[in-house]
Amino acid sequence: MVPDALPPIEAFVRDRLTPATAPLVIGLCGAQGSGKSTIAARLADHIPDTVVLSLDDLYLTKAERERLAEIVHPLLRTRGVPGTHDVALGEAVLADLRAGRPVRLPRFDKAIDDRAPESTWPQVEGARLVIFEGWCVGARPQTDEALENPINALEDDEDSDEIWRRYANGALRGYYPGLFAWDALILLMAPSFDAVYRWRLQQEHVLAADIAAGRRPGRAMSDDGVGRFIQFYQRLTGHILREMPARADLVIRLDAERKVIV
């Protein structure tokens with residue numbers, strides 16, 4: 001959690017909430033471990049008729065990603081980068097929320113790495129505020145030239161032909177602009193990608209402790225596993241940290257301990 005990030009975000013949101021804006025749609029971007037999901041949940045607790053939609057709940061099914069891995073590139077088997085989300089589903093959900101129609105909110109079960117059965121999706125009808133949160137919410141594509149050189153071992157060893165990263169970048173350019181359309185964009189800005197890695201490692205250690213204590217099912221990744229997994233997100237996370245602050249409507253800068261830099 002980022003305790004001192006919530007008040008300025010809540011003030012920003014409330015300042016824009018009027019009957020004329022309902023529903024107000026806010027994009028909330030933050031790297032892994034930055035606290036975006038918790039902040040979105042707290043906003044929903046504080047502001048009545050708030051709906052939270054997570055980009056993570058829009059991942060393609062395991063079968064759909066297996067198909068992409070076969071016909072495009074094996075790295076697309078792993079959820080994460082643009083091109084591994086069901087953009088059409090997300091657009092349909094947001095359209096229903098904007099129109100005040102009843103809609104089921106998608107849910108993705110990370111324990112099984114697959115979409116949860118639709119019968120388990122919560123149904124909502126009407127919203128005053130919609131928070132759309134995710135690690136690359138609002139991201140813009142890189143230039144073709146920026147994709148040429150690998151930035152980590154994953155790209156160097158497993159994407160030397162540049163197919164995976166160019167596919168993700170092309171998907172972001174071609175399919176996501178309609179999904180990333182809202183009234184305002186908020187960025188929880190990490191100080192560096194190294195900090196993001198440490199935050200993600202902390203999350204996994206908490207998960208491992210919960211599993212060991214029987215509080216949660218599943219299996220935690222090793223530290224080496226987290227190190228490889230985070231590389232899937234490194235390119236676009238770095239690009240977001242460089243590019244998004246200049247155009248986000250609100251930037252909350254965090255230090256390595258996830259405290260707000262005033």
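Any read-out appearing in this document is the output of simple, stated calculations on the displayed coordinates, not a laboratory observation. This structure is a prediction, so every number in the text was calculated from the model and none was measured. In this analysis, Cβ positions are derived from the backbone assuming ideal geometry, glycine residues included, and neighbour counts consider all displayed protein chains.
Data for the structure
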read-out	value
Cβ-placed point charges (K, R +1; D, E -1), dipole of segment 3-252 about Cα centre in debye, nearest 20	620
Percent of alpha-carbon pairs separated by more than 17 Å within segment 1-113	63
Qualifying GluC sites (Glu not before Pro) in segment 155-262, DSSP loop, other Cβ atoms within 10 Å at most 16	GLU162, GLU257
For segment 176-229 and segment 13-31, distance of Cα centres in Å	24
Nonlocal amide H pairs with VAL52, under 5 Å, H built at 1.01 Å	ILE131
Longest exposed-site-free window of the chain, the sites being trypsin sites (Lys or Arg not before Pro) in a DSSP loop that have at most 14 other C-beta atoms within 10 Å	1-109
Most positive-pole-ward Cα, MET244, PHE12, HIS73, against dipole of the chain from beta carbon charges	PHE12
Gain in span if fully extended, ARG104 to ILE211, counting 0.36 nm per residue against the direct Cα distance	35.6 nm
Computed magnitude of the charge dipole of segment 51-92 (debye, nearest 20; Cβ of K, R +1, Cβ of D, E -1)	180
4 °C / 1.567 mPa s Stokes-Einstein diffusion coefficient of the chain, Kirkwood radius on C-alpha pairs, µm²/s	68
The chain, relative contact order in percent, only Cα pairs under 8 angstrom and at least six apart counted	27
Rh (Kirkwood; distinct C-alpha pairs) - segment 134-189, Å	12.8
Cut-off under 5 Å, modelled amide H: who pairs with ARG140 long-range	none
Using distinct alpha-carbon pairs, which all enter the 1/r mean, Kirkwood radius of segment 103-249 in Å	17.9
In Hz, Karplus ³J(HN,Hα) per residue of segment 229-238 (6.51, -1.76, 1.60; θ = phi - 60°; x = Gly, Pro)	4, 5, 5, 4, 9, 5, 4, 6, 4, x
3J(HN,Hα) from dihedral phi, segment 142-148, Karplus parametrisation 6.51/-1.76/1.60, rounded to Hz, x for glycine, proline	7, 6, 4, 5, 5, 8, 5
Pair-distance profile P(r), taking every C-alpha pair of segment 1-57, with 5 angstrom steps and integer %	4, 17, 32, 27, 15, 6, 1
Per-residue ³J(HN,Hα) for segment 173-183, Karplus 6.51 cos²θ - 1.76 cosθ + 1.60, θ = phi - 60°, Hz, x for Gly and Pro	6, x, 10, 8, x, x, 6, 8, 10, 8, 8
Between helix 193-212 and the chain: long-axis angle, C-alpha atoms, 0 to 90°, nearest 10	80
Options SER222, ILE26, ALA256, ranked by Cα towards positive dipole end of the chain, top entry (Cβ charges)	ILE26
Segment 61-132 - Rg over Rh from alpha carbon coordinates, Kirkwood radius	1.04
Under-5 Å amide H pairs with LEU28, H placed in peptide plane, nonlocal only	PHE132, GLU133, GLY134, ILE186
